[in-house]
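S.K.: Following this message is one structure expressed as structure tokens.
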Amino acid sequence: MVRYLAVALITAFTLAVSISSAAGFTRSVDPIRIAYSTTADTFGDLYLPPGNDDSLPVVILVHGGGWIQKNNLDYAGAWARTLTPYGVAVWNIEYRRVGGLGGWPTTLEDTVAATNALADIVQERAAGRLDLNRVHIAGYSAGGQLAAWTASRPQQGPDAPAPQLTVPIRSATIMAGVFDLSLAATAGKDKYVRNLLGGMPVDHPDRYRIASPIRHLPVGIPVTAIHGRNDRVVSIEQSRRYVAAARSAGDDAVLIELPRVGHGEFGNPTSSAWAVTKRTILDQVSRSR
């Protein structure tokens, strides 16, 4: 059964965020920039919560922006700063993008490589404080595709781009995600998908199959898709179809539809859309104890 979120609940979450901000819960946290490879745009920003607690759960953030070079990880740092006060380490990752050094298959490979880096260079820079058995991933729009794809990497066949995923992911929270790239390129007329994969589905059917998270079910972890009903950039049908397919495959998949919310609201860390997303992420972190 698909879960729908009432307006009153959204309002309550928004109020809770306002109260937290007033209490100092969103104070600035200076990130540690860490390269996970040697090429340009293969780095991430690690945000650690105040204090010296060990065994910190980790949330990987994957920014959106059509997979294109001009959109980077900077705005996702504001999301990270709302999560660290709850005792969560945040790994806000960058990846090579279309118009730069990215595209097929590099952009997909980087997201997995950045995740795997938690077990070595990132853990080293965190002084061993990260609990790698409690790693969660969240992504927005194009970054939602990358996050869901990375979570599905263990279920993919031998033709999937290297590397294999070596750091297990416990849950995925996807904001306005692109789960079926063939649907996006055809019915959605999404030029960004075409640019990422180098053409239309008829030109590269294998690329579309490999890159579409909906083609790699079940993933075997909880997945929450959060989508605005007024989204005119990524159709809500992307999330509806994914969640229905995931549940049919036996996954613990949930859809939260946000009334009167479009696409861009998720990028605002003070919005009701992000408040719902943050609560979802923190709920998943809590359940992984």
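S.K.: Roughly how big is the stretch 130-252's charge dipole about its Cα centre, with Cβ charges of +1 (Lys, Arg) and -1 (Asp, Glu), in debye to the nearest 20?
M.R.: 220 debye
S.K.: Now for a separate question. Taking the Cβ of V202 as the centre, find all other residues whose Cβ is under 13 Å away and add up their charges (Lys, Arg: +1; Asp, Glu: -1).
M.R.: Net local charge, V202 excluded: +1.
S.K.: Mind telling me which of G51, G177, G228 comes out most flexible in a GNM of the chain, alpha-carbon contacts under 10 Å?
M.R.: The residue that fluctuates most here is G51.
S.K.: Continuing with the same structure: Distance from the Cα centre of the stretch 247-280 to that of the stretch 69-107, in angstrom?
M.R.: 18 Å
S.K.: Mind checking which aspartates and glutamates have their C-alpha under 17 Å from K189, skipping anything on the same chain fewer than 8 residues away?
M.R.: K189 reaches D180, D203, D231, E237.
S.K.: Same structure, new question: Which of the listed residues, Y47, A184, P105, is farthest toward the dipole's positive end in the chain, when Lys, Arg count +1 and Asp, Glu count -1 at the beta-carbon?
M.R.: The Cα lying farthest towards the positive end belongs to A184.
S.K.: Can you list residues from other chains, or at least 5 along the same chain, whose modelled amide H is less than 5 Å from the amide H of I68?
M.R.: For I68, whose amide H was placed from the backbone, the distant partners under 5 Å are V98.
S.K.: Can you list the aspartates and glutamates whose alpha carbon sits under 20 Å from that of K70, skipping same-chain ones fewer than 8 residues off?
M.R.: Straight-line reach from K70, under 20 Å: D41, D45, E94, E109, D110, D190, E265.
S.K.: How much net charge surrounds P57 when only the other residues with a Cβ under 9 Å from the Cβ of P57 are counted, with Lys and Arg +1 and Asp and Glu -1?
M.R.: Once positives and negatives cancel, what remains is +2.
S.K.: Using the Karplus curve 6.51 cos²θ - 1.76 cosθ + 1.60 with θ = phi - 60°, work out ³J(HN,Hα) for each residue of the stretch 155-162 in order, rounded to whole Hz, and write x for Gly and Pro.
M.R.: Here the 3J(HN,Hα) series is 8, 8, x, x, 8, 5, x, 5 Hz.
S.K.: Follow-up question, since we're still on this one. Rounded to the nearest 20 debye, what is the charge dipole size of the chain about its Cα centre when +1 sits on each Lys and Arg Cβ and -1 on each Asp and Glu Cβ?
M.R.: Using only the charged Cβ atoms, the result is roughly 600 debye.
S.K.: Do any trypsin sites (Lys or Arg not before Pro) in the stretch 58-132 lie in a loop, going by DSSP, with at most 12 other beta-carbon atoms within 10 Å of their beta carbon, and if so which?
M.R.: K70
S.K.: Taking Cα pairs under 8 Å and at least six residues apart, what relative contact order does the chain come out at, in percent? Provide the component values of the computation, followed by the final result.
M.R.: Numbers: 604 pairs, mean separation 57.2, N = 289.
Normalised by residue count, the contact order of the chain is 20 percent.
S.K.: Turning to a different aspect of this structure: Most exposed first by the Cβ proxy, i.e. fewest other Cβ within 10 Å, how do F43, F266, F179 rank?
M.R.: F43, F266, F179
S.K.: Okay, next question. When only DSSP loop residues count, what trypsin sites (Lys or Arg not before Pro) in the stretch 159-255 have their Cβ near at most 14 other Cβ atoms within 10 Å?
M.R.: Here the trypsin sites (Lys or Arg not before Pro) that fit, given the DSSP loop and packing criteria, are K189, R229, R232.
S.K.: Taking the Cβ of Q69 as the center, what net charge do the other residues with Cβ under 9 Å away carry, scoring Lys and Arg +1 and Asp and Glu -1?
M.R.: +2
S.K.: Taking θ as phi - 60°, what are the ³J(HN,Hα) couplings along the stretch 47-57 by the Karplus curve (6.51, -1.76, 1.60), each to the nearest whole Hz, with x for Gly and Pro?
M.R.: Once rounded to whole Hz, the list reads 10, 10, x, x, x, 10, 4, 9, 6, 7, x.
S.K.: Rg/Rh for the stretch 7-287: what does it come to with C-alpha atoms and Rh from Kirkwood?
M.R.: 0.94
S.K.: Which Rg and Dmax, in Å, describe the Cα atoms of the stretch 18-148?
M.R.: Answer for the stretch 18-148, Rg first and Dmax second: 14.3, 45 Å.
S.K.: Kindly work out what percent of the DSSP beta bridges joining two residues of the chain are antiparallel, to the nearest 5.
M.R.: 20 percent
S.K.: Spelling out what I want: for every residue of the stretch 221-231, take phi, set θ = phi - 60°, compute 6.51 cos²θ - 1.76 cosθ + 1.60 (Karplus), and round to whole Hz; glycine and proline get x.
M.R.: Each residue of the stretch 221-231 in turn: 9, x, 10, 10, 9, 10, 8, x, 5, 9, 5 Hz.
Read-outs throughout are calculated quantities, based only on the coordinates presented, and are distinct from any laboratory measurement. Quick caveat: nothing in here was measured; it's all calculated off a predicted structure. Heads up, the Cβs are rebuilt from the backbone with ideal geometry, glycines too, and the neighbour counts pull from every protein chain shown.
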